[in-house]
Amino acid sequence: MKLNVNGKEYEAAAPDDMPLLWVLRDILGLTGTKFGCGMAQCGACTVHVDGQAVRSCVTPAASVQGHAVKTIEGLSAPGLSAIQRAWIEEDVVQCGYCQPGQIMAAAALLAARPHPSDADIDNAMSANLCRCGTYLRIRAAVRRAAELAGRTA
Amino acid sequence: MSTPSGLSRRRFLQTSGALVIGFYVAPRSGLAAMQAPAAPALPDPNAFLRIGEDESVTVILAHSEMGQGVWTALPMLVAEELGCDWAKVRAEEAPAAPVYAHPAFGMQMTGGSSSTYSELDRYRYAGAVAREMLIQAAAEQWKVDPSACRAEAGFVVSGDKRLSFGKLAAAAQKRTPPATVKLKDPKDWKIAGRPTKRLDSPEKVTGQAQFGMDVRLPGMLTALVARAPIFGGTVKGFRAEKAKAVPGVKAVVQVPSGVAVVGEHFWAAKLGRDALEIDWDPGPGADLDTQRLREEFRAAAGTPGTKAAAAGDVDAALKSAAKTVEAEYEVPYLAHAPMEPLNCTVRIGADGAEVWTGTQFQTMDQTVTAKIAGLKPEQVKIHTMFLGGGFGRRATPTSDFVSEAVQVAKAAGGAAPIKVVWTREDDIHGGYYRPMYVHRLRVGLGADGKPVAWRQTIVGQSILEGTPFAPMMIKNGIDDTSVEGVADSPYVKGTASHLVDLHSPKKTIPVLWLRSVGHSHTAFVMETFVDDLARAAGQEPLEYRRRLLSEHPRHLGVLNLAAEKAGWGRPLSGGRARGLAVHESFGSWMAQVAEVSVASGRVRVHRVVCAVDCGICVNPAGVRAQVEGAVAFGLSAALHGELTFKDGRVQQSNFHDYPLLRLNEMPEVEVHIVPSSEKAGGIGEPGVPPVAPAVANAIFAATGQRLRRLPFRLA
């Protein structure tokens with residue numbers, strides 16, 4: 001199948017029913033997107049398809065052919081995004097495993113709502129689990145990212 | 001003596017490379033070494049740090065980074081004494097080697113909230129010894145007395161002369177390490193003791209951080225293991241034809257824990273495992289049932305157990321008490337559910353094996369791997385990856401997930417490295433749970449309302465029984481992890497007549513320490529029960545605790561600080577009520593005040609004010625983060641966490657029926673740190689125990705309902 005990931009065209013030899021998550025990780029070697037539950041419960045596998053946050057663990061890879069897929073690796077190039085800078089400034093991460101998914105969810109939120117309310121943040125970010133409990137800092141980092149993006153816009 | 005093994009020593013030389021000079025310290029040789037003093041030797045800085053020609057200072061970590069911030073705190077200790085530029089500091093995980101054994105526990109491991117406090121001396125000394133050698137090298141070059149030189153911001157300085165650490169490293173490593181060196185007084189610290197941002201953030205926000213799950217090696221295959229659906233079950237027979245017919249499946253092999261399907265990638269292995277047909281012998285646990293366990297544990301709680309703490313004549317004291325209060329408590333089995341499912345990659349070669357995994361127990365993993373692979377421990381190289389959460393699950397005395405991966409690699413044969421991956425369902429079904437416990441209490445109060453008799457029976461599986469730790473940690477039949485927080489409680493010890501006893505029923509369910517271990521249930525019991533005692537005594541909960549804890553200044557310190565910051569006693573609006581709890585664990589003291597409201601049968605936790613006394617504090621920013629996270633961890637258990645058994649099987653399987661706290665449930669958390677120069681304590685776990693009782697006490701204040709079971713279920 002042909003996939004467009006982070007602006008790059010890939011030819012992936014994978015069965016059609018293989019979830020996008022495993023094509024990204026095991027075939028394309030893009031391991032920034034994480035496996036957490038396999039049933040769209042935790043958000044660790046969040047990527048963007050045409051700018052929308054989707055759970056790659058339940059998205060058949062074949063279904064995103066012809067669409068633009070963006071992963072955490074794509075968000076990090078050429079330099080750190082405002083969201084990632086905000087994440088560092090708020091000292092969000094602990095174990096860090098869920099954070100690529102958190103950041104991708106936050107990026108989709110901020111693209112849709114550049115100045116999210118607290119309720120917007122709660123709504124958009126509550127589908128992503130963090131066992132370390134970094135939620136307070138995730139909230140703060142989303143707010144800060146909105147500020148940072150506003151300043152550079 | 002803390003000299004590195006030949007293996008680790010070579011490693012430092014080999015990693016020198018063209019640009020990076022290993023800070024290599026020659027071994028003490030000859031007579032001096034043979035007449036080594038009885039006092040412990042200073043750590044060999046060679047094992048703990050490396051200075052590059054590019055001025056980088058790499059601190060080598062004897063503990064695993066699992067979110068607790070050791071990647072930042074240990075480098076802070078080295079940097080403080082070394083006198084380097086913090087911006088040049090980085091970290092890496094140590095290999096498995098004797099030199100990295102835990103200073104207190106004698107094996108290489110991460111746990112017990114001890115990563116920072118146990119290393120306070122070793123990492124500071126490593127930095128200090130290296131600094132002295134750099135100074136000696138500069139002094140020799142300048143022909144001045146070393147006492148005329150000092151180290152600052154990555155340079156040795158004397159008058160107007162300056163030489164960078166990177167330029168001095170090669171000469172410094174030829175110097176003889178000093179026999180003694182003086183550490184700075186913590187009050188003079190410039191780096192340690194100050195809130196410092198994490199060093200691992202950049203790689204963790206870009207997806208570059210390498211967790212065990214992310215290991216990719218040439219020719220690597222992925223395996224999933226079908227394990228018995230009932231603990232203690234075994235494979236009677238299996239048919240692999242359909243599994244082998246799945247495209248990408250390479251092999252199906254039996255291992256002691258079940259049947260492994262090896263595939264080109266996760267998806268092939270998963271589909272292959274789904275297609276396996278296995279006949280299981282259910283074993284002795286086929287009728288395991290939570291309702292029956294509950295009845296059995298409750299019955300046991302009414303009979304005398306093994307004594308864990310005793311004084312006076314508790315029966316007589318109960319009879320003569322002015323008032324008695326009784327209660328029974330229950331907490332369920334819990335899964336750690338770290339966000340990164342368990343995984344382990346193994347390559348077995350002719351002359352050695354390599355293991356890549358996120359682990360808390362390197363020494364065990366190395367020993368177990370060597371045994372299975374028929375190698376010597378030093379032939380097994382352990383690559384410690386970032387841990388996507390540990391919480392105790394990656395510290396199994398059996399090295400369960402590592403030994404299984406080694407068995408799979410061995411059974412599969414061939415040279416290909418194999419990564420065994422657990423699904424979330426495998427994780428939730430996989431055992432090694434925080435045990436279920438029942439507590440029964442009967443406490444007599446005197447005329448002044450203070451306890452005069454304290455009788456408490458605890459029932460629950462022993463975590464340590466049957467493990468290599470048992471001989472050392474089970475004393476007189478008491479597994480300390482079952483009774484910690486009760487047998488040593490100031491409430492119990494302060495009651496003239498007391499008896500704490502324990503039943504440790506044997507079950508097929510594998511159990512393990514979970515963040516805060518015994519304190520995860522004992523603090524809930526003690527701190528809600530003390531609220532009940534206060535009510536029975538007609539006293540206000542804070543005042544009552546102050547009376548019972550009057551001889552315990554550090555309990556009082558955090559209690560008073562949390563109460564003051566939370567505005568204890570001041571009116572609240574919006575149907576909110578407050579509850580408080582105070583508990584000591586892992587050498588630190590923690591008090592929390594929770595603000596809670598209850599509406600339409602749902603508990604909403606709005607705010608948790610925490611006061612902590614963890615003695616000397618290395619990274620206050622890390623302390624805050626750990627306490628915030630601990631509140632979330634405690635709330636997951638208080639509001640949601642529960643595993644149940646029916647017909648031998650765990651009934652939960654993933655986050656839909658084993659929910660964790662989500663962001664919209666996260667309260668505001670304030671963390672107040674008591675300034676202290678006392679001995680450093682732990683911080684990864686102490687924030688967990690007070691959460692459930694503080695919230696339970698607030699629920700009582702809001703509704704009059706006393707909840708004595710976790711997770712909370714309102715009537």
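The length gained on full extension between A:D16 and A:E89, counted as 0.36 nm times the residue separation minus their Cα-Cα distance, comes to 22.2 nm. Computed over the range A:2-75, relative contact order equals 40 percent, with contacts defined as Cα pairs under 8 Å that lie 6+ residues apart.
Spin-label model, B:A599/B:K307: points 7 Å from Cα along the beta carbon direction are separated by 5.4 nm. Remark: C-alpha extents of the range B:672-715 on the principal axes read 46, 18, 12 Å, sorted largest to smallest. Based on the convex hull around the alpha carbon atoms, the range B:575-707 presents an average projected area of 9.4 nm². Counting Lys and Arg as +1 and Asp and Glu as -1 over every other residue whose Cβ lies under 14 Å from the Cβ of B:V314, the net charge comes to +2.
Taking 25 Å as the straight-line reach from the Cα of A:K2, the lysines in range (excluding those fewer than 8 positions away in the same chain) are A:K34, A:K70, B:K270. Placing pseudo-labels 7 Å out from each Cα toward the beta carbon at B:T180 and B:K646 gives an inter-label distance of 7.0 nm. Contact order for the range B:531-606, expressed relative to its length and based on alpha carbon pairs under 8 Å spaced 6+ residues apart, stands at 23 percent. The equivalent ellipsoid that matches the C-alpha gyration tensor of chain B spans semi-axes of 44, 36, 22 angstrom, in descending order. Once C-alpha pairs closer than 8 Å and six or more residues apart are averaged by separation and normalised to the residue number of chain B, the relative contact order reads 13 percent.
Set the bar at 31 Å for Cα to Cα. Now go through B:K174/B:K204; B:K204/B:K507; B:K475/B:K646; B:K161/B:K184 and name every pair that lies beyond it.
In this structure, B:K174/B:K204; B:K204/B:K507; B:K475/B:K646 exceed 31 Å between Cα atoms.
With a Förster radius of 41 Å applied to the C-beta separation of A:Q65 and B:H606, the computed FRET efficiency comes to 0.30.
Size of chain A: Rg and Dmax of its alpha carbons, in Å, are 14.9, 45. Summing charges over neighbours of B:P490, with a neighbour being any other residue whose Cβ is under 11 Å away from its Cβ, gives 0 when K and R count +1 and D and E count -1.
The trypsin sites (Lys or Arg not before Pro) of the range B:559-621 include none that meets both conditions, a loop assignment by DSSP and at most 16 other Cβ atoms within 10 Å of the site Cβ. Counts of other chain beta carbons within 10 angstrom of each beta carbon in peptide B:623-633 average 4. Hand me the trypsin sites (Lys or Arg not before Pro) from the range B:654-715 located in a DSSP loop with no more than 13 other Cβ atoms within 10 Å, in residue order please. Here the sparse-neighbourhood loop sites are B:K679, B:R713. Percent of Cα-Cα pairs more than 14 Å apart in the range A:2-75, please. More than 14 Å apart: 51 percent of the Cα pairs in the range A:2-75. If you run the Gaussian network model on chain A, springs between alpha carbon atoms under 10 Å, then out of A:A13, A:A62, A:A53 the most flexible one is A:A13. Can you give the Kirkwood hydrodynamic radius of the protein assembly as shown from its Cα pairs, in Å with one decimal? Hydrodynamic radius (Kirkwood, Cα only) of the protein assembly as shown equals 28.6 Å.
Please give the FRET efficiency for B:A322 paired with B:D657, using the beta carbon to beta carbon distance and R0 = 45 Å, rounded to the nearest 0.05.
Efficiency computed from Cβ-Cβ geometry: 0.45.
For B:K167, the aspartates and glutamates whose Cα comes closer than 17 Å to its Cα, not counting residues fewer than 8 places off in the same chain, are B:E53, B:D54, B:E55, B:D85, B:E132, B:E140, B:E152. So which lysines can B:K319 reach, going by Cα to Cα under 16 Å and dropping same-chain residues fewer than 8 places off? By straight Cα distance, B:K319 reaches B:K450. What net charge do the residues around A:L28 carry, taking every other residue with its C-beta under 15 Å from that of A:L28, with Lys and Arg at +1 and Asp and Glu at -1? Every neighbour counted, the sum reads 0.
Measuring max minus min along each principal axis, the C-alpha atoms of the range B:268-332 give extents of 69, 21, 20 Å (largest first). I need the fraction of alpha carbon pairs in the range B:254-391 separated by more than 21 Å, rounded to a whole percent. Percent of Cα pairs beyond 21 Å in the range B:254-391: 70.
Read the figures in this text as sums done on the coordinates, not as results from a lab. Note that this is a predicted model, so its numbers are computed, not measured. When we count neighbours, we look across all protein chains shown, and the Cβ atoms used for this are built from the backbone with ideal geometry, even at glycine.
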